[in-house]
Amino acid sequence: MLLTRARRLVRALRTARRTRDVVTAADGAALAMTTCGDETAPGERRVVVVVGAHLSAWYYRPFAHVLRARLREISGQDWAVDVYDRRGRGDSAPQPEDYSMDTEVADLAAVLEHTGARQLIGHSLGGSVVLNALQQAGGLFPAELVPDRTALYDPCVNLDGPRTARWLSRLEQAVEDGKTARGLAILQRGLQSSAVLSQVPEWFLTFTFAGLVATPLGKMARRMLPTLSRELIAAMHEDDRPEDFAAITAPVHLMCGDLSPQYFQEVVRRLHAAMPTTTFERSPRCMHGAIPFAVEAVLSDLAEHFTAGPSVSAGRTPASAA
C-alpha cells in the first residue's frame, strides 16, 4: 500500500504543471508560493493551502498535485492548488520583530487577494491562522476575501488552558538558551502531533534528538525551532474557548483523523458544537500528517467538499454522526 501511494505521488509530481510566484505582503515582505495546475484558473476553481507548524510548502507539493488531479477528475475542469510558505520558511521573508497572529492573518489576506482563490484549506497550525482570519472578517481580514468553502484538518487551537501555556514558556526558554534537543522534546510532547512520541519521557526524547541535531534534518530543525516557537506562542499562548469562534458565520468543514492525537479530535468536536455553520468529518485510518502525506480518505473528502453544489452552510453534520 505504501509503495503504491509513493508511486502515485511520484507520477503526480512528474506530470502536473507547477509554477512559482511571489506574493507581496502588506508590509512589503515577499511570500513564496507554488501553484499546482492551471495558474489562470478562476477563483471558484482555486484552493489555497495554509501549512502547519513543522513543515514548509515543499512538503505539501505531492498533496497539492494529487488534490488538483482529483478535483479535475470530478469536475471535468482544471483547477489550481496554491501552497505558500509562511514567514520564516522556504524563500519567504523571515518573521518580523513585531510578529504576531495578525501577521499571519494579513499574509493570508494578501495570498487570497493575489490568487483570487475562493477555497481554503488549513492544516494544524495553519488551521489556527484560518480561524483567526475568519474571526477578523470585516476588519484586518477583508470581508470580500472570506472563502466560499473552507476546510480545516486537525486545527491547532489552545482549548487546553494553562497547561499549554506552561509548556510553551518552557519551549521559549529552551530556544533562548540554544538547547535545540530539549526544545524539540518539549515541542513533541506539548503539541502531541504523534500519539506515540507524545507519551515518551521528555528526558529520553531529549537524548534521542541530541543524536539527530548534527544530521541534515536536525540542522533544519535547529534553524526552524525559533520560528516554530514564535508562531506557536502567537497562536496558542492565550486561552481560547470554543464560544470565541461562534461568531464565525462562514461555512467551515472541520476534519480530524481517527488516528490523530486525542487533543486534535477533541478540539474539532468542541469547535463543531460551538460554531453555527460547520460540518464535521472524522477521517478513517488517518493520522495528523495525513494532508502532506496525501492519504486517500482525506483527499476524497476534500475533493467532494470543494466540488459539491450548494454551500455547506445549508446544513450541519451532528458530531455524533461523524
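The values are calculated or read from the model by the stated rules, or taken from the named source; none is laboratory data. Since this is a predicted model, take the numbers as computed values, not measurements. Because the Cβ atoms are built from the backbone with ideal geometry, glycine has one as well, and the counts that use them run over all protein chains shown.
Brief remarks follow.
- Residues (within 29 Å of Glu266 (Cα to Cα) and either among the hydroxyl-bearing types (Ser, Thr, Tyr) or crowded, with 23+ Cβ neighbours inside 10 Å (or both)) located in the stretch 113-126: Gln119, Leu120, Ile121, Gly122, His123, Ser124, Leu125, Gly126
- Residue-level check: of (1) surrounded by 16 or more Cβ atoms within 10 Å (Cβ to Cβ); (2) at pLDDT 80 or above, Gln192 misses just (2).
- Positions within the stretch 188-228 being in contact with a Gly (Cβ under 8 Å, 6 or more places away or on another chain) and either acidic (Asp, Glu) or not in a helix (DSSP H, G or I) (or both), in sequence order: Ser193, Leu212
- Checking Asp244 against (1) out of contact with any Lys or Arg (no Cβ under 8 Å at 6 or more places or on another chain); (2) in the same structural domain as Arg86 (by TED's automatic domain parsing); (3) farther than 23 Å from Arg166 by Cα, the condition it does not meet: (3)
- Residue within the stretch 278-294 that is among the acidic types (Asp, Glu) and buried (at least 20 other Cβ atoms within 10 Å of the Cβ) present: yes
- Cβ-Cβ under 6 Å pairs, at least 6 apart or on other chains, the stretch 251-269 side of a type in the set (Lys, Arg), far side at pLDDT below 95 and part of a helix (DSSP H, G or I): Arg269/Ala319
- Qualifying residue in the stretch 144-153 (condition: of a type outside the set (D, E, K, R) and surrounded by fewer than 21 Cβ atoms within 10 Å (Cβ to Cβ)): yes
- Residues that are in the same structural domain as Val66 (by TED's automatic domain parsing), out of contact with any strand residue (DSSP E or B) (no Cβ under 8 Å at 6 or more places or on another chain) and aliphatic (A, V, I, L, M) do occur in the stretch 118-130, at least one of them.
- Residue match in the stretch 150-158 (condition: in a helix (DSSP H, G or I) and either touching a helix residue (DSSP H, G or I) at 6+ places or on another chain (Cβ under 8 Å) or at pLDDT 95 or above (or both)): no
- Hey, Arg282 farther than 17 Å from Leu134 by Cα, modelled with pLDDT under 95, assigned to a helix (DSSP H, G or I) and not hydrophobic (A, V, I, L, M, F, W, C) or not: no
- Breaking point among (1) at pLDDT 95 or above; (2) over 14 Å from the mean Cα position of the chain (by Cα); (3) in a loop (DSSP other than H, G, I, E, B), for Arg86: (2)
- Thr249 of a type in the set (S, T, N, Q) and either over 24 Å from Val268 (Cα atoms) or not assigned by TED's automatic domain parsing to the domain that holds Gln136 (or both): no
- Qualifying residue in the stretch 130-143 (condition: of a type in the set (Phe, Trp, Tyr), over 15 Å from the mean Cα position of the chain (by Cα), modelled with pLDDT of 95 or more and outside any loop (DSSP other than H, G, I, E, B)): yes
- Candidate set: the stretch 223-242, residues that are surrounded by 18 or more Cβ atoms within 10 Å (Cβ to Cβ) and modelled with pLDDT under 80; chosen: the one nearest to the chain's Cα centre (by Cα): Met236
- Selection within the stretch 243-257 - among the charged types (D, E, K, R) and surrounded by 13 or more Cβ atoms within 10 Å (Cβ to Cβ): Asp244
- Candidates are the residues of the stretch 101-117 that are within 17 Å of the chain's Cα centre (by Cα) and not aliphatic (A, V, I, L, M); the one that is nearest to Arg45 (Cα to Cα) is Asp107.
- Checked across the stretch 31-51, the condition of being in a helix (DSSP H, G or I), crowded, with 24+ Cβ neighbours inside 10 Å and either assigned by TED's automatic domain parsing to the domain that holds Ala297 or within 17 Å of the chain's Cα centre (by Cα) (or both) holds for no residue.
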